[in-house]
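The values are calculated or read from the model by the stated rules, or taken from the named source; none is laboratory data. Just so we're clear, the structure is a prediction, and the values are computed from it rather than from any experiment. Cβ placement follows ideal geometry from the backbone for every residue including glycine, while neighbour counts extend to all protein chains displayed.
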Amino acid sequence: MNLKRLMEPRMLPWLAAALAAALLLLLAGGGKDAGLASQEEQRIAEVLSAMAGAGKVEVALFYGGEADALGTRTDGPTGAVVVAEGADDLSVRLSLIRAVRTLLGLPESAVDVFVMEEERR
């Protein structure tokens, strides 16, 4: 298929859909472990759940940098989301933010902490 045919008006919706699907796969990890917590996320969650008042903790890291040819990230995470049972307590929430900042070297604005939903506890 040549580029001229791809740029025909009737092909543009298909091309946009294909690009959107590729982007979603890339953002989701696209591999066999997509949707599962990485070892780094699991380890951070273990450390945070050991903190007084934190309770059960889940961590999701966001990588905004480039990946090499093998799909390995060339730099560290640029953001983190923490969901914890004890996050409704302000002192626990602030401690979680401080710990994540220290562990990952992120600015405070790159770390969000939320209260865990009752059904997940």
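Scanning region 63-96 for residues that are modelled with pLDDT of 95 or more, surrounded by fewer than 18 Cβ atoms within 10 Å (Cβ to Cβ), within 17 Å of the chain's Cα centre (by Cα) and over 15 Å from residue 40 (Cβ atoms) turns up nothing.
Checked against the criteria, residue 112 does not count as surrounded by fewer than 13 Cβ atoms within 10 Å (Cβ to Cβ), among the charged types (D, E, K, R) and either at pLDDT 95 or above or in a loop (DSSP other than H, G, I, E, B) (or both).
Scanning region 44-56 for residues being closer than 16 Å to residue 77 by Cβ and in contact with an Asp or Glu (Cβ under 8 Å, 6 or more places away or on another chain) gives a total of 1. Filtering region 97-107 to residues that are exposed (fewer than 12 other Cβ atoms within 10 Å of the Cβ) and touching a residue at least 12 places away in the same chain (Cβ under 8 Å) leaves only 105.
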